[in-house]
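Accompanying notes for the structure given below.
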Amino acid sequence: EIQPCMARLAELALRVAHIGRMLGPSHNNSDADENNDEETITPLDVVEAYSQYQRRCLRTRSKPAISSIAELRRVASSQNCYVSDILEAEKQRQQIEVGLHDEGDDNEDGDGNGLDGTATARGQPHAQAITVVLGEASSLIQPLAAWRDAILSQQSENNDDGIGSLLQQLCQESIEILDNEAQTLAVTVGSWFGPDQRGVATLDHDNAISSKDATKSDLLSIETSLEEMAFLCQVVSRYCLFSEQTLAGKGANDAKLQNLLTEQSLHYSTLETRLATLQFNQALSLASPQLIELGRPSLKVPSIVEDAHYICVRAIERAAGTRSERAVWTVGHWVCEVWGVDQSGGGMMGGDGDDVKGVYRALMQGVGCAGGTSGENENHDLKIKSKEQISGAQSKMDNAFAAALLEAVDEGGDEREQKGGSRHSGGSGPNSAPASGGLTSFFSRGGNQQNLQNRIDSELCALNGVSAAATACSALSGLFADLVEEKAQEESTNNSSTDEAPPPKSSSMLTFAMDELASHSRSYNSLLQQRVRALVTDLCGGDDIFDCDGHLCLQNLRLFVEREIYNLDSSSFRSLEGEDRLEAEMIGPVRRSQIFEEIGKDKCDAAVVLQMAEAMSWKSADIILQILLKGSTDFNEWGAMLLSKEVRMLQNIYCGLVLESSSGPNGTKTAITAGSSSNISTASILTQFERVNQAVSILQLEKPSDWLAFAYRVGHGDDTNLTPEEIRSVMGLRVDFSDEAIKNAMK
């Protein structure tokens, strides 16, 4: 490296000039005749010469990268195309040539064809050129800054008669000239980026391309441009941080690179959301049922869920790579919108009425849930019906994230509005699922059996999609949580002395996106529970369960319990409690139900199976409790024991259904299910029977007053506990309990 030698020569020259100035002209009178034709060199001349030398070094080192772009622009101008078109053509040609070499078993390295390294070097020419310019500037500035700081520390210890100040001036002026030149070159190259990219030019026009017109090459070209733009923003951002830490003072030209960064990051944010929207809409047009796990051909999920998750992860990671807070905010806003359940508007690209705004509406309309020609026709009917129900059931509410984003960008507004908009409770907020309509509303008990089976398959695929959407939102929330943690660590490192300062808006916006996606995850879980219960109602027994003929399994359960005799003696108990009888008359219809058959065919994800078991448990417990509270069934102690056994058998069959679903096909645990099965719990199923269990415990008492000693509560709500009136009604079913004893026990 010649730089240390030049720095040493500059220091010697500066010392000589400084000494000459200190001695004065009288000391050099003997040599006046010899040097009268030469100008006197001052310390400022040395400083200026060295600074210009550093500037020439930077330009010389940056020239090859910038010249490469200039040559590409000249060729593109002569061919009336974009620079990106030339690069894409080169890449395709190189891939063909590499393929020909591979087919011919030619193992020689590429020489003049650019097969080794050229494709990589020319893949992102603008970002590479700016990286070279700013990297070379940093490598020249860093030693000078270290030299300057070392001189400053020496000055405080020793008196160097002014030479230290001159050396410090030499370093500072060289640093400022290098920084100014680097900014000028980087801004020039940065201004070339947009006009040279077909992908950027395409997305800059809102109506220039739609999801229907976009081809795979269009999307690849756009994504390649955004990858380069994101990397360009990252390089500029890192250099700006380096420049702020290195320069002792800010000059007039320091804002040039910062303005380029602001312009590029805002441009990137807009283009990133447009590309994500384009990719999402194209994923909608190609949506179809896809396998969740290899080796399980019947377990499918709508492809739109996985595609949307992949698109969002790519956008978030790319935006985080720019080191631009506003870019992450904007992408986070789009991600929350595409997964949100507040989908009252039209299509994301402002198209016709058939467009789908986000994942929620796609699932509600059954997009990608049916395969084949007949499935597509059913899917179309489902879309029409679901649209009417969604539009009638959904409330029109403002997007809380959008409001908070605008508040953060404008740096105004009241913080209380942001805090108030970050939480939505239950089903009253925009993240709550509609109370009616949607996935299961198209079921009917008549019609062609094959048509009904196709609809059931579509429904189960949609339920798998809702479960996958809940998991995806939780994963995206975790991704934002990682960004929040990284941001907090960075801020704590930079501002360790300001512990009591309020959190900046950047962190609050990332936290808001994290909380919003977590709220969406809860909403999808709530939607899954509602739709599973609707499916169980359609296939196992509806709300008109007391006006039925017992053809469905839960209707059969109602008829079985109503006809069962619970006022019996010991011999009758022994005959009625036989497991063969209970299996044939009560449990058998449940095992043969369509829900159990579909689960047995491995069509449902483990989370969906758990929800189905919970729904059937809730409905079964509700049926038994309603019959008990009607007060038309007589019980004695033997009958209470029989009912207790019947309830346990129902609990066992529903718990067994969940535990079997946690295994892979044929009961074997795969690598995936082995990890997830450890998280499967049947506690939620047993919770559905808590009120019935309380009723059974009451019926098994020897006398009503024993309830004073054995009374218990599960939780604090009435959904898991009997009310005093219900307890009184259950006690009244025992034929051997007097009204007076019941009245005294309930005081």
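The values are calculated or read from the model by the stated rules, or taken from the named source; none is laboratory data. Since we're looking at a predicted model, the values are computed, not measured. So basically every Cβ, Gly included, is an ideal-geometry build from the backbone, and we count neighbours across all protein chains shown. The area values use the complete protein model at the heavy-atom level, side chains included, leaving out ligands, DNA and RNA. Shrake-Rupley method; radii C 1.70, N 1.55, O 1.52, S 1.80 Å.
State whether one or more residues within the range 697-710 are open to solvent by 40 Å² or more (accessible area, probe 1.4 Å), at pLDDT below 90 and part of a loop (DSSP other than H, G, I, E, B).
The answer is no; no qualifying residue exists.
As an exercise: evaluate Q95 against (1) modelled with pLDDT of 90 or more; (2) open to solvent by 50 Å² or more (accessible area, probe 1.4 Å) and give the number of the one condition it does not meet.
So Q95 meets the others, but not (1).
Among the residues of the range 714-723, are any at pLDDT below 90 and acidic (D, E)?
Yes, the range 714-723 has at least one match.
Quick one: which helices (runs of 4 or more DSSP H) sit completely within the range 522-631 and have at least 2 residues that are within 33 Å of the chain's Cα centre (by Cα)?
Where helices (runs of 4 or more DSSP H) fall fully within the range 522-631 and carry at least 2 residues being within 33 Å of the chain's Cα centre (by Cα), they are 594-600, 606-630.
Taking only the range 288-343 into account, find how many residues are assigned to a loop (DSSP other than H, G, I, E, B), small (G, A, S) and surrounded by 23 or more Cβ atoms within 10 Å (Cβ to Cβ).
2
Does any residue in the range 584-605 that is without any contact (Cβ under 8 Å) to a residue 40 or more places away in the chain come within less than 7 Å, Cβ to Cβ, of a residue that is of a type outside the set (V, I, T) and open to solvent by less than 30 Å² (accessible area, probe 1.4 Å) six or more places away or on a different chain, and which pairs are these?
E585/F560; P589/C553
Kindly provide the set of residues from the range 174-199 that are within 15 Å of R59 (Cα to Cα), open to solvent by less than 20 Å² (accessible area, probe 1.4 Å) and within 40 Å of the chain's Cα centre (by Cα), ordered by number.
Correct list: D179, A182, Q183, A186, V189.
Could you grab the pairs with beta carbons closer than 7 Å, sequence gap of 6+ or different chains, first residue in the range 219-238 and at positive phi, second one part of a helix (DSSP H, G or I)?
Final answer for the pair search is none.
When the residues of the range 119-142 are filtered to those that are surrounded by fewer than 15 Cβ atoms within 10 Å (Cβ to Cβ) and at pLDDT below 90, which remaining residue is farthest from Q3 (Cα to Cα)?
Once the filter is applied, the top-ranked residue is T120.
When you go through (1) at pLDDT below 90; (2) surrounded by fewer than 18 Cβ atoms within 10 Å (Cβ to Cβ); (3) of a type in the set (S, T, Y) one by one for S572, which number turns out not to apply?
Every listed condition holds for S572 apart from (1).
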